[in-house]
Amino acid sequence: MAATIHPPGTAPSIRSALTKAPTGIRGFDELTGGGLPRGRATLVTGGPGAGKTLFGLEFLVRGALEFDEPGVLLAFEESTADLTENVASLGFDLAGLEADGRLVIDAVRIDASEIVATGDFDLDGLFIRLASAVQSVDAHRVVLDTIEVLFGALGDEAIVRNEFSRLLRWLKDHGLTTVITGERGREGQLTRYGIEEYASDCVIVLDHRMHDEIATRRLRVVKYRGSVHGTNEYPFLITDRGLRIWPITSTALTYAVSTERVSSGVPQLDQMLGGGVYRGSTVLVTGTAGTGKTTLAASAVDAACTRGESALFVSFEESPDQIIRNLRSVGIDLGRWVDAGLLRLWGERATAFGLEAHLSRIERLLEETEPTVAVLDAVGSLSNVGAEAEVTSAVVREVDMMKSRGITGILTSLSHDAQRESSTVAVSSVVDTWLLLRNVESDGERNRLLFVMKSRGTAHSNQVREFLLTHHGAELLDVTVGARGVLTGSARLAQAAEERAAAADRSAELERRRMALARRTAEVEAEVAALRAQLATESAELDRLVAEESRGTAARTADRERLARRRESGSANGSPGSRDG
């Protein structure tokens, strides 16, 4: 709905609740809960080069392009041509928006030397000029840049105070969401005259500072009438896409999670982690120099590209060509994936830019590459850019960037003390999986060990594994335990040789016993055969005797029967003779 223009002095409309006008500036609407107060004035103040004009211009451009709210820019310091040319590098086509009827740029030239104050002085002429511009495009948004140039022409502070208050009332009466840019004052004042911040409903301070020879920018919402807002200082950056504010402390933990497992590129490590790491989780690999952190991270990238997925590898210590060359020595050829368009390699020193620029570059790379796996190698180098708390916040923001996009993130960080379970950047509590690599010295050599310090949601191994870099990639060896504990390197090989010799001795002893048993078995079987033969002979002899006994018994029985018959026969023949005698 278009703003209705009324004469100066009209009472403001009553609002039942504070509504907000989104700025479209990345990160700003998040920390203010929706943008600037709609229909009210916002003061944006800062020193030279802080980004005040750009803030106002982006507010207008985004409003016209993204929210269908035309705008008016009243510039008191720069010409229309200069403004158009200055923001063209950011992709803002002011001339095109003017031609489309969505923007009016009115460059007002004010020279205090040409102004002669006689009698009462007011801004009615400015109101008329501004009203005409607003009506010409049905404007909802207005930017006044820079207000001190106008007030400098007024001279009298009392006039400045009265006219500024009247200007704000006029803008509010007409429902115009306004951004007024102002210069920082002296001795801690937010503005030169010290009155603008009190009359404005919202005050934003932009700061451009140097820290250890690195330029950084900060934004702070000093006040916001009728609204809750972030009160901290937030880093911001001027990019080729406009302003980017990083409201780190207001990041919400609302990203989705996955139960899918993805390989780390090392099969033995996948076994230790219960089948790999969860897709979209974050892995921290820490260790002293030379423990193989980069190689382990590159193994995950190689595995992702082998699956046909896109990947991103960011290094703060090595150039892309150096990374490709070095990893080929361990059998990992990342160059083929770069040529295939599956891998983006990017390298630059952490000290080349500030933390906000670093965050912006990482975000840009994630947006352009859309990887499924992203490696941030040597994030500990960021400790040379800012304070510990700032670096930790920046890395946490990177973790959130990857998690919110479902990207499996792998961070490597240097540990200066091999015996301490810590890293240069204190983010071990934020990541999902923490792998610790450690060099151990024994028997005149150094060997690598890998520990799984934690892995959220995973039944992981608590064993220490020896970590090897071979010509065909990274490998983890099974635990070898001797009298002195876990053995690595030559001690492991010597222990293995001893175990092989002991196994050979046991095998020979078993073979000797097996042969002795075979001989004894043959002897026993021969003895058993002889006994069986003897038993058979004795059994046959017994059978013979039994048969003979049986025949003898039968013969005797027959003899007795014959004898009995004879006796019976003889008795019968002899009875008559006895009677004759």
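The values are calculated or read from the model by the stated rules, or taken from the named source; none is laboratory data. These numbers come from a predicted model, not from an experiment. Every residue, glycine as well, gets a Cβ built from its backbone with ideal geometry; the counts of neighbours run over all protein chains shown. All accessible areas refer to the heavy atoms of the entire protein, side chains included, with ligands and DNA or RNA removed. Shrake-Rupley method; radii C 1.70, N 1.55, O 1.52, S 1.80 Å.
Structure summary
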{"read-out": "Label-to-label distance, nm, for residues given as Gln189 and His416 (7 Å Cα→Cβ offset)", "value": "4.6"}
{"read-out": "Tensor-based shape of the range 262-335 (alpha-carbon gyration tensor, a/c under 1.5 rounded, otherwise prolate or oblate)", "value": "prolate"}
{"read-out": "Accessible area (Å², per residue) of the range 17-251, counting only protein heavy atoms and a probe of 1.4 Å", "value": "41"}
{"read-out": "Equivalent ellipsoid semi-axes, the range 261-478, via Cα gyration tensor eigenvalues times 5, rooted, Å", "value": "24, 20, 18"}
{"read-out": "Relative counts (whole %) of C-alpha pair distances in the range 17-251, using bins that are 10 Å wide", "value": "8, 34, 38, 18, 3, 0"}
{"read-out": "Length gained when the stretch Glu388-Ser550 is fully extended (0.36 nm per residue, less Cα-Cα span)", "value": "46.7 nm"}
{"read-out": "Sulfur and carbon atoms: percent of accessible area, the chain [1.4 Å]", "value": "50"}
{"read-out": "Compactness of the range 433-480 as Cα Rg over 2.2 N^0.38 Å, two decimals", "value": "1.25"}
{"read-out": "Extended-chain gain in nm, criterion 0.36 nm per residue less alpha-carbon gap, Ser89 and Ala289", "value": "67.8 nm"}
{"read-out": "Of every Cα-Cα pair in the range 157-312, the percent that sits beyond 22 Å", "value": "65"}
{"read-out": "FRET E, pair Arg567, Gln534, Förster distance 60 Å, beta-carbon r, rounded to 0.05", "value": "0.80"}
{"read-out": "Phi to ³J(HN,Hα) by Karplus 6.51 cos²θ - 1.76 cosθ + 1.60 over the range 456-464, Hz, x for Gly, Pro", "value": "4, x, 9, 7, 9, 6, 9, 7, 8"}
{"read-out": "Projected area, mean over directions - the chain, Cα convex hull, nm²", "value": "58.0"}
{"read-out": "Set of lysines near Lys52 by C-alpha distance (under 21 Å), chain-local residues within fewer than 8 positions excluded", "value": "Lys20, Lys223"}
